[in-house]
Amino acid sequence: MTATTASAAKAPQKINWLLLLLKARTFVALILVLGYFSFAAPNFLSTANAVLVSKHVAINAFLAIGMTFVIITGGIDLSVGSVVGLCGMVAGWLLLYGVDFGLGWSIQFNTFEVMLIVCLVGIFVGWINGMLITRFNVAPFIATLGMLYVARGTALLSSEGRTFPNLNGHADYGSASFPTIGAGSVLGIPVMIWMLILVTVGASYIASRTPLGRHIYAVGGNERGAALSGVRVRRVKMFVYMFSGLMAALVGLIIASQLKAAHPATGEFFELNAIAAAVLGGTSMSGGRGRIGGTIVGAFVIGILSDGLIMMGVSSFWQMVIKGLVIIAAVVIDQAQSRLQARVALSQEAAAGR
């Protein structure tokens, strides 16, 4: 009797250690990729490469933060990569041509106005996604897949597939500061990193300290129960898709500013990196669980993995294979974590019942 009781008491503790390891998997993955590429890739630990990696991570992180909110509600946004390309083309068009009303009357825009219009375009695309999903009951996968093609096609039509070059802005129109969005720095830190810090703090605050954040988790955990509790499910879903569109617009602006050019193909497959970073950071594909902090660490893992593979000369085809395997592994581990959490909860309830 005594031996049986001791064995039962030890079992939950063993499972908890394994559960703790699974919960810390993102940090473990970060340590592993950092350690491996530090030895395997020459100049990986150089300052120049650290700055380059941080910029790549920032691109993934913006999209992944928006994707995290969407996935927590149980949805998916496959259109973000195409929205990046579309918003970059909108920025290029506004800088080069403004808005021409004919008869020699046109409007030119300064940098702030260009940023504002491009952000509104991203939010509008997210609003359409949200309307399709909440009003017309289109599955998120189908709605955003369709928007992926619509946004990419619109971007290609805007220039007939050509690049908008020389986006240096114009001093007379107040747009000469446009290149500083992606290439400028403040106190030695790139402007885009400051923007990412601001977005990360804001998103974390929304997720953890506001009723909206609690409603996002509630919708993903049990949509029917959330609706019966008074949560306005449609508004919550509209918000997450509009926020995701805003993040994609910021990335489009940053890339167009960095390159001083906009190409309609920009952003292809960016949605895969965003999904990978969110899932790797602990966001559950079944909804109801995820953290912004974990997503940022996941973005670092994906960014370091990509840059490390490039520095080692691994082909882009193999990079896609490896990223796909990372996503699959992250989902499998997430499912294992969910099952273990359920077993631990049952064990604790059984122990409490005794």
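The values are calculated or read from the model by the stated rules, or taken from the named source; none is laboratory data. Remember, it's a predicted structure, so these values are computed and weren't measured experimentally. All Cβ positions, even for glycine, are placed from backbone atoms using ideal geometry, and neighbour counts span all protein chains on display. With ligands, DNA and RNA removed, areas are computed over all heavy atoms of the protein, side chains included. Shrake-Rupley method; radii C 1.70, N 1.55, O 1.52, S 1.80 Å.
On the basis of the beta-carbon distance and an R0 of 22 Å, D172 and F124 show a calculated FRET efficiency of 0.15. Each Cα pair under 8 Å and six or more residues apart adds its sequence gap; the mean of these over the residue count of segment 202-353 is a relative contact order of 20 percent. Rolling a 1.4 Å probe over the protein heavy atoms of segment 160-228, with every protein chain left in place, gives an accessible area that is 60 percent carbon and sulfur. Hey, what angle do you get for helix 316-353 against the long axis of the chain, alpha-carbon based, 0 to 90 degrees rounded to 10? Helix 316-353 sits at roughly 40 degrees to that axis. Protein-only accessible surface at a 1.4 angstrom probe places the residues Y205, Y241 in the order Y205, Y241, largest first. For the chain, the longest principal axis of the C-alpha atoms and the axis of helix 80-96 are separated by about 20°. Using Cβ point charges alone (K and R +1, D and E -1), the dipole size of the chain about the Cα centre works out to roughly 1440 debye. Only protein heavy atoms count here; on that basis, with a 1.4 Å probe, E223 has an accessible area of about 80 Å².
Its DSSP H runs of at least 4 residues, each contributing -39,500 (n - 2.57), put the calculated 222 nm mean residue ellipticity of the chain at -25000 deg cm²/dmol, to the nearest 500.
With Cβ to Cβ distances under 15 Å as the rule, what net charge do the other residues near E271 carry (K, R +1; D, E -1)? Result for the neighbourhood of E271: 0. The residues of segment 213-354 expose, per residue, 46 Å² of accessible area to a 1.4 Å probe.
Can you compute the charge dipole magnitude of segment 228-354 about its Cα centre, using +1 on each Lys and Arg Cβ and -1 on each Asp and Glu Cβ, nothing else charged? Give it in debye, rounded to the nearest 20.
The dipole of segment 228-354 has a size of about 560 debye.
For segment 256-344, the relative contact order is 27 percent, taking Cα pairs closer than 8 Å that sit 6 or more residues apart in sequence and dividing their mean separation by the residue count. Here segment 86-133 and segment 237-271 have alpha carbon centers that stand 13 Å from each other. Measuring against 23 Å, Cα to Cα, the residue pairs K23/K237; K55/K260; K55/K237 contain K23/K237; K55/K237 as the ones spanning a longer distance. When the chain is described by a simple charge dipole with +1 on each Lys and Arg Cβ and -1 on each Asp and Glu Cβ, the residue from A261, W93, G122 located farthest towards its positive end is G122. Between the Cα long axis of helix 140-159 and the first principal axis of the chain there is an angle of about 20°, rounded to the nearest 10. Along the axis of the charge dipole computed for segment 179-279 (Cβ charges of +1 for Lys and Arg, -1 for Asp and Glu, origin at the Cα centre), the listed residues M247, S204, M192 are led at the positive end by S204. Entry comment: accessible area of segment 51-93 is 15 Å² per residue, from protein heavy atoms only and a probe of 1.4 Å. Take every Cα pair under 8 Å whose residues are at least 6 apart in sequence, average their separation, divide by the length of the chain, and the relative contact order is 32 percent. Between the C-alpha center of segment 208-226 and that of segment 292-333 there is a gap of 29 Å.
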